[in-house]
Amino acid sequence: MSSLAYGGPRQKATDPAGVTGRLCTWLADFALDAAPAEVIARCKDLILDGVGCALVGAQLPWSRTAVEAMSRLEGRGDVSLIGWGRTLPGPAAALLNGTFIQGFELDDFHPFGPLHSASVVLPALLACAQQTGGVSGAQFLRAAIAGFEVGPRVGMALHGAEMLSRGWHSGSVFGTHAAAAATGVLLRLDAARFEDALGLAATQSGGLMAAQYEAMSKRMHHGFASRAGLTAAYLSAGGYTGIKRVFERDYGGFLSVFGEGHEPDASRIGHKLGEQWETLRIAIKPYAAMGALHAPLDALFDLMARRPFEPGEVAGIDVYMSHAAYHHGWWPLERPITPIAAQMNVAYALAVATLDGAAMVRQFAPARIDRDDVWALIPKIRAHHEPAYDAGGGAGRGRTRLVVRFTDGSADEEVVQTARTMSAPMDAAGVTAKFRALTDGIVMAERQAAIIDMVARLEGVRDVAELVALLAPEVGSAFETDDRL
């Protein structure tokens, strides 16, 4: 494999004992055999889930709009777009492939350092692998794990979901670091160059959560972060310097700016690094809705299983949530709404789940969103902030209480301490089943099976160009497949 990395003696970070320095030293020294088998297995689950989400997201209407706009701007390149049979320059391909993975709110999330890891890490790695050439599956896994470890740790230093409460799209703020770390591993950066890469990534971080109401751009935020991290790593590899000690700087540093007034905790970045694996805590979604809605959906489905009822029997539904979940997932809806608003709003999610008994692609497709039955139920649903759920940190913020009031005057409730997405993580068989379910009708069965097989044996794959060849050809559209609507 060719490399842009500095070919001279390997250099240390500015302050090897500091927060940034220790992270950069770990990244430069990290080897795949240092990761436990369960971490490698989980990484492969996350890769399969991520590419499955990309295949679904590739031909959605907003993705097509983005591809055509970026193609006019960037022209042809040498990095494949997943599901398009088209190539663009590496940074543009990373942007769009990240947009595809986040394209329908199906992709993974970390509950304590909230970001969608696959959508920032995989696009950057796929772009780097195609541009450098000769990247083995083992090298790809090593780099992916590095990215999966870094992103959530930076997020937890900013107290995770507090970023959402403050209006930041959290994952695009600290996803830049995940992409830069992963790409830097493929480029074989030393600790000094990793320090530059993380500094260059930090200064490109951003993302406003108001995009959740109607904007297509919410789908693209993690793609922006992936492109930024890819760019940062390449600039560093080429000798371009970034902010030194970016996590420690009191003036203009990453934590001091994004955590201003909120007591960021820099120690979380290196806490038990290489011992406690954040890759294992990245959750894979069973629902096509944002992560804070999973506990309310669990509560609803549990109550429906225990006490079956018809939608017409519902007089009202009240759901009690933490501040972060409430602030992120509740606002009064006015018809019409876009799919992104539906996937972020607890009233819509609970209404359609009550009617359909499910919360997947079909429930958030445009044709379903605009039907009268769901709009008759939405006004009966209210969300409430429960301050007690803000205590206990990230674990406490996952609690939800759902109360259903019935037309006969009775009521029933369900309390969920933690969404099953976190408390009972989807196993490898479940991830494979999700991949098949998502891609049925848009990818031929033979291609499905080949992707599943290649990811399962990725550490033995000689060149990830083989995986790219399976991902690149054009796919169908989930919204144009009859059984999705």
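Within the stretch 218-230, is there a residue that is open to solvent by 50 Å² or more (accessible area, probe 1.4 Å), under 28 Å from residue 126 (Cβ atoms) and either assigned to a helix (DSSP H, G or I) or of a type outside the set (A, V, I, L, M) (or both)? Spell out how you get there, then give the answer.
Keep residues of the stretch 218-230 that are open to solvent by 50 Å² or more (accessible area, probe 1.4 Å), which gives 224, 227.
Filter again for under 28 Å from residue 126 (Cβ atoms), leaving 224, 227.
Filter again for either assigned to a helix (DSSP H, G or I) or of a type outside the set (A, V, I, L, M) (or both), leaving 224, 227.
The answer is yes, given that some residue of the stretch 218-230 is open to solvent by 50 Å² or more (accessible area, probe 1.4 Å), under 28 Å from residue 126 (Cβ atoms) and either assigned to a helix (DSSP H, G or I) or of a type outside the set (A, V, I, L, M) (or both).
Please tell me if residue 68 is in a helix (DSSP H, G or I), among the acidic types (Asp, Glu) and free of Cβ contacts under 8 Å to residues at least 24 places away in the same chain.
In short, yes.
For every residue, the table says whether it meets (1) open to solvent by 30 Å² or more (accessible area, probe 1.4 Å); (2) assigned to a strand (DSSP E or B); (3) touching a Lys or Arg at 6+ places or on another chain (Cβ under 8 Å); (4) closer than 28 Å to residue 215 by Cα.
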| residue | (1), (2), (3), (4) |
| --- | --- |
| 312 | yes, no, no, no |
| 320 | yes, yes, yes, yes |
| 341 | no, no, no, yes |
| 352 | no, no, yes, yes |
| 368 | no, no, yes, yes |
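Going by the structure shown, is residue 476 closer than 30 Å to residue 132 by Cα, open to solvent by less than 60 Å² (accessible area, probe 1.4 Å) and either of a type in the set (D, E, K, R) or not in a helix (DSSP H, G or I) (or both)?
Here the answer is yes, as residue 476 does meet what is asked.
The rows are residues; the columns are (1) closer than 17 Å to residue 333 by Cα; (2) crowded, with 18+ Cβ neighbours inside 10 Å; (3) hydrophobic (A, V, I, L, M, F, W, C).
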residue	(1), (2), (3)
374	yes, yes, yes
377	yes, yes, yes
389	no, yes, no
411	no, no, yes
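Do you know which of the residues in the stretch 231-244 that are more than 14 Å from residue 202 (Cβ to Cβ) and in a helix (DSSP H, G or I) is most open to solvent (accessible area, probe 1.4 Å)?
This residue is 234.
Could you please let me know if residue 382 is open to solvent by 30 Å² or more (accessible area, probe 1.4 Å) and either modelled with pLDDT of 95 or more or not in a loop (DSSP other than H, G, I, E, B) (or both)? Please lay out each step first, then the result.
Details: open to solvent by 30 Å² or more (accessible area, probe 1.4 Å): yes; either modelled with pLDDT of 95 or more or not in a loop (DSSP other than H, G, I, E, B) (or both): yes.
Yes; evaluated as a whole, the condition is true for this residue.
Just for the stretch 306-339: of the residues that are more than 14 Å from residue 363 (Cβ to Cβ) and aliphatic (A, V, I, L, M), which one is farthest from the chain's Cα centre (by Cα)?
The extreme case among them is 315.
Got a number for residues in the stretch 34-65 being touching a residue at least 24 places away in the same chain (Cβ under 8 Å) and either of a type in the set (D, E, K, R) or at positive phi (or both)?
Total satisfying the criteria: 5.
List the number of the failed condition for residue 265; all other conditions in (1) more than 30 Å from residue 89 (Cα to Cα); (2) under 15 Å from the mean Cα position of the chain (by Cα); (3) of a type in the set (D, E, K, R) hold.
(2)
Does at least one position in the stretch 282-294 carry a residue that is at pLDDT 95 or above, in a helix (DSSP H, G or I), open to solvent by 20 Å² or more (accessible area, probe 1.4 Å) and not polar (S, T, N, Q)?
no
Considering the stretch 71-87 alone, what residues qualify as being in contact with a strand residue (DSSP E or B) (Cβ under 9 Å, 6 or more places away or on another chain), open to solvent by 50 Å² or more (accessible area, probe 1.4 Å) and in contact (Cβ under 8 Å) with a residue 40 or more places away in the chain?
78, the sole residue that qualifies.
If a residue has to be part of a helix (DSSP H, G or I), open to solvent by 60 Å² or more (accessible area, probe 1.4 Å) and more than 24 Å from residue 424 (Cβ to Cβ) to count, how many in the stretch 257-281 make the cut?
Of the residues in that region, 3 qualify.
Restricting attention to the stretch 413-447, which residues are of a type in the set (S, T, N, Q), closer than 20 Å to residue 108 by Cβ and either open to solvent by 20 Å² or more (accessible area, probe 1.4 Å) or more than 22 Å from the chain's Cα centre (by Cα) (or both)?
Residues satisfying the conditions are 418, 423, 432.
In this structure, is residue 104 in contact (Cβ under 8 Å) with a residue 60 or more places away in the chain, of a type in the set (Phe, Trp, Tyr), part of a helix (DSSP H, G or I) and open to solvent by less than 10 Å² (accessible area, probe 1.4 Å)?
no
Please go through (1) crowded, with 24+ Cβ neighbours inside 10 Å; (2) touching a residue at least 60 places away in the same chain (Cβ under 8 Å); (3) under 16 Å from the mean Cα position of the chain (by Cα) for residue 112 and return the number of the only condition it doesn't satisfy.
Every condition holds for residue 112 apart from (1).
Which pairs have Cβ atoms under 7 Å, sit 6 or more apart or on different chains, and link a residue in the stretch 459-474 that is free of Cβ contacts under 8 Å to residues at least 24 places away in the same chain to one that is surrounded by 19 or more Cβ atoms within 10 Å (Cβ to Cβ)?
Correct list of pairs: 466/454; 470/451; 470/454.
Restrict the check to the stretch 27-34 and report whether at least one residue is more than 24 Å from residue 157 (Cβ to Cβ), touching a Cys at 6+ places or on another chain (Cβ under 9 Å) and not in a helix (DSSP H, G or I).
No: the stretch 27-34 contains no residue that is more than 24 Å from residue 157 (Cβ to Cβ), touching a Cys at 6+ places or on another chain (Cβ under 9 Å) and not in a helix (DSSP H, G or I).
Among the residues of the stretch 455-465, which ones are closer than 25 Å to residue 59 by Cβ and either among the basic types (Lys, Arg) or open to solvent by 10 Å² or more (accessible area, probe 1.4 Å) (or both)?
Passing the criteria: only 465.
Tell me yes or no: at least one residue of the stretch 314-321 is acidic (Asp, Glu) and under 22 Å from residue 384 (Cβ atoms). Spell out the reasoning first.
Taking the stretch 314-321 and keeping what is acidic (Asp, Glu), we get 318.
This time we only want the ones that are under 22 Å from residue 384 (Cβ atoms), so: 318.
Within the stretch 314-321, one or more residues are acidic (Asp, Glu) and under 22 Å from residue 384 (Cβ atoms).
Looking only at the stretch 136-155, which residues are open to solvent by 10 Å² or more (accessible area, probe 1.4 Å) and not small (Gly, Ala, Ser)? Please lay out each step first, then the result.
Step one: list which residues in the stretch 136-155 are open to solvent by 10 Å² or more (accessible area, probe 1.4 Å), which gives 136, 138-139, 142.
Scanning the stretch 136-155 gives 139, 142.
Out of all the residues in the stretch 347-394, which are farther than 19 Å from residue 438 by Cβ and of a type in the set (Lys, Arg)?
371, 380, 382
The values are calculated or read from the model by the stated rules, or taken from the named source; none is laboratory data. These figures come from a predicted structure and were not determined experimentally. Cβ: placed from backbone, ideal geometry, glycine included. Neighbour counts: every protein chain shown. We work out accessible area using only protein heavy atoms, side chains counted, and drop any ligands, DNA or RNA first. Shrake-Rupley method; radii C 1.70, N 1.55, O 1.52, S 1.80 Å.
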